[in-house]
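Worksheet: one structure, shown below.
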Amino acid sequence: MAAEAPPGTRAAPQAVDRRAGTALALALLCVYGGLAISVDFPRAAIGIQSDEATYYMMGHSLAEDGDLTYRREDLQRVWKEFPSGPAGLFLKRGRDITGAGLMLRPPFIWFQTQQDADSNRLFYGKSFIYPLFASPFVKLFGTNGFLLFNALLLSGVAWCAFLFLHARSPVVPSAVLAGAFVLATVVPVYYVWIAPELFNFALAFFAYFFWLYKEVSPRESMPRGLKWTAGGAGVIVAAMLLGIATFSKPSNALLFAPIAAWLLWQRRVPRLLVASAVFVLMAIGLFGLNTMITGDWNYQGGERRTYAWQFPFQTPQSAFDNTGGPMGRDETQTDVILQESVFWTNLTHNLRWYFVGRYSGLVAYFFPAVFALVLFLAAPRRRPLWQWLVLGGGVAQILLFVITLPYTWFGGGGSVGNRYFMGVYGIFLFLLPPVTSLAAATVPWVIGGIFMAKLVMNPFNSSFYPGSYADAGPLRILPVELSNVNDLPINTDRSARVIWFGDDPKRPAGMRDPGFQIYFLDKNGLVDADKTFWVKGESRADFLIKTDRPMKQLVLTLAAGDVPTTSRVFFDGRSQELEMPAGGTRQVTFTMGRGFPYMKTDDGKPRFVWMASISSSAGFVPLFTAGSTDTRFLGVRVRPLIVE
């Protein structure tokens, strides 16, 4: 990298060549926009997954009915494209407001309400802002309009990223880095999601771009359509976008703090007051609109339920109360978050897993953010104040989720990577110093590509089967986020991945055999009906062991099949290697330490989790060796027992 300007100084005017950035943005728009228009989305998507059902129905309701009311007609519309129905739908009962007033604690306004007189009218239990912006495209292109809207967001982010980087760096490294920032990450996977993750990512990015572009580019070097950002208008638009982002996901409110601090530091108090007013009025206005529609400012609160298989108004007997399950979020679970016995254990481990976790770590899923952070910290004294404020905004978001959601901080089992980080990922581009080396600019492509290529190349499959993308490849070298055991992506296929062991009638006489769960992290553990499982031949099976109380010993009985094999057993940081002849049996015992305590339980008692793996160097197919009809490629058979 070339020498950098002193902190706080703006780049000198330079010859600007925007053709590479324009080509990058157009290429993304052609590829992703073309896919959006041409793909048979319901077939390609396989089905509705994660939280898509609610946003899908809201988008169509706005586009076709002009409202946000859930009725039987809205439900019937889903089956035109998805025979499985809107699995994962969130609905809430509306309220009629009869009175209101002010109070001193958030949300600072109280409402007196009564139940909606129309029992056949329900509302959607999610923020309506993403479907509202997408609805014109849905009106014109149907469900594919969501993807076209997402394609425009991707293209716009790539172009603005190039403009910001090129203001301080040569054209080629800037284009390469801008492309990596969007493509060498998990971001393109969320292009196929009918959900606000990509929308939130773009809102935060555009807000910071409009705020900071003038700090790196003289007005005379800006494109004609962006010269307005050189004055106070850029900050005002940034505040407006962050107000919208806050309604989409309230945690995004933290992203306004760096802008406010910057204006305060520059003593631009009038501009600070205007920006703050715009931010607050935009956010409060949208929450107020939600209150007018549903009778409740909190779209996730009140009488809110979730539905998977049967839906209100589906049949004459299907009602709001007798289908689905309660899912209101009106209060924080401080008793869970601040459990003294595990708070620091959770915090220290979660911060490590946040960066290097197998299913969510930034190194694998958002490497350009890590790259920007490393370059930023390489010469911290040379960074201007606004970059430190950007870093503060990013760190605040990370800590918010890690502390307040210790058992689901990356978004739950349906996530691909860390979907909660999507809202803040965009601002990490603004941590980058000037990069003049093409070799340095390609690093995010190399590292990001190693981890993300297979996910990005098949985003529909990665999204619908999130429990499978870490089954093989370099992701398996990363540690598993044990605190999220109940929300790991494998739980989307829980019947096949989470198996009950123990309580074995064949246990040795006099030995207690408590029940326990094994969470298979890949498809190399092949479960049989007799409380055993095979490790696939020439493979390694990774799994978690979970108990409801402390245990003393893990006893593993391993049996080779028709061929000799070498088996390596790993448990809780210890390992043993076993040479096994054909038909041979060996037993290995591990003392079970405390394990990782998992505290989010209905009865308030801790559960404990251990990491384990077993490999087999060889394998056989019973169909060819034993005259069996079993066509599986088998390595070593395992019978697990736990001694209490």
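The values are calculated or read from the model by the stated rules, or taken from the named source; none is laboratory data. None of these values were measured; they are calculated from a predicted model. Positions of Cβ are generated from backbone atoms using ideal geometry, with glycine treated the same way; all protein chains shown enter the neighbour counts. When the accessible area is computed, the model is the full protein with side chains, heavy atoms only, and any ligands, DNA or RNA have been set aside. Shrake-Rupley method; radii C 1.70, N 1.55, O 1.52, S 1.80 Å.
Taking packing as the residue-averaged number of other Cβ atoms within 10 angstrom, the listed peptides 362-375, 116-129 run from highest to lowest as 362-375, 116-129.
A Förster radius of 30 Å combined with the Cβ-Cβ distance from M292 to K139 puts the calculated FRET efficiency at roughly 0.85.
I'd like the carbon and sulfur percentage of the solvent accessible area for the chain, probe radius 1.4 Å, heavy atoms only, ligands and nucleic acids excluded. Answer for the chain: carbon and sulfur cover 60 percent of the accessible area. Write down the Kirkwood hydrodynamic radius of segment 474-598, to one decimal in angstroms, obtained as one divided by the mean of 1/r over all alpha carbon pairs. By the Kirkwood definition, the hydrodynamic radius is 15.9 Å. Each peptide in 544-550, 290-296 receives the mean, over its residues, of other Cβ atoms within 10 Å, and ordering these scores from highest gives 290-296, 544-550.
State the percent of C-alpha pairs, over all pairs in the chain, separated by a distance greater than 31 angstrom. The share of Cα pairs beyond 31 Å in the chain comes to 58 percent. The residues M457, M327, M592, sorted by heavy-atom accessible surface at 1.4 Å with ligands and nucleic acids left out, run M457, M327, M592 from largest to smallest.
Computed from point charges on the beta carbon alone (+1 for Lys and Arg, -1 for Asp and Glu), the dipole magnitude for segment 553-618 about its Cα centre is near 260 Debye. Rg/Rh for segment 59-206 stands at 1.10; both radii use Cα atoms, and Rh follows the Kirkwood definition. A full extension of the chain between T345 and A319 corresponds to an added length of 5.0 nm, given 0.36 nm per residue minus the alpha carbon distance. Qualifying chymotrypsin sites (Phe, Trp or Tyr not before Pro) in segment 237-315, where qualification requires a DSSP coil assignment and no more than 10 other C-beta atoms within 10 Å, comprise W309.
Using the 1.4 Å probe convention, the accessible area of the chain works out to 41 Å² per residue with neighbouring protein chains retained. Charge dipole of segment 428-576 (Cα centre as origin; +1 on each Lys and Arg Cβ, -1 on each Asp and Glu Cβ, all else neutral): 220 debye, rounded to the nearest 20. A prolate overall shape is assigned to segment 247-317, the ratio a/c of its alpha-carbon gyration tensor axes (a ≥ b ≥ c) being 1.5 or greater and a/b exceeding b/c. Treating cross-link reach as a plain straight distance, find the lysines whose alpha-carbon is under 17 Å from the alpha-carbon of K605, omitting any fewer than eight places away in the same chain. Leaving aside lysines fewer than 8 places away in the same chain, those within reach of K605 are K546.
With a Förster radius of 56 Å, plug the Cβ-Cβ distance of E538 and Q115 into 1/(1 + (r/R0)^6) and report the FRET value to the nearest 0.05. It comes to 0.35.
Given the -39500 (n - 2.57) contribution per DSSP H run of 4+ residues, what per-residue ellipticity at 222 nm results for the chain, rounded to the nearest 500 deg cm²/dmol?
-12500 deg cm²/dmol
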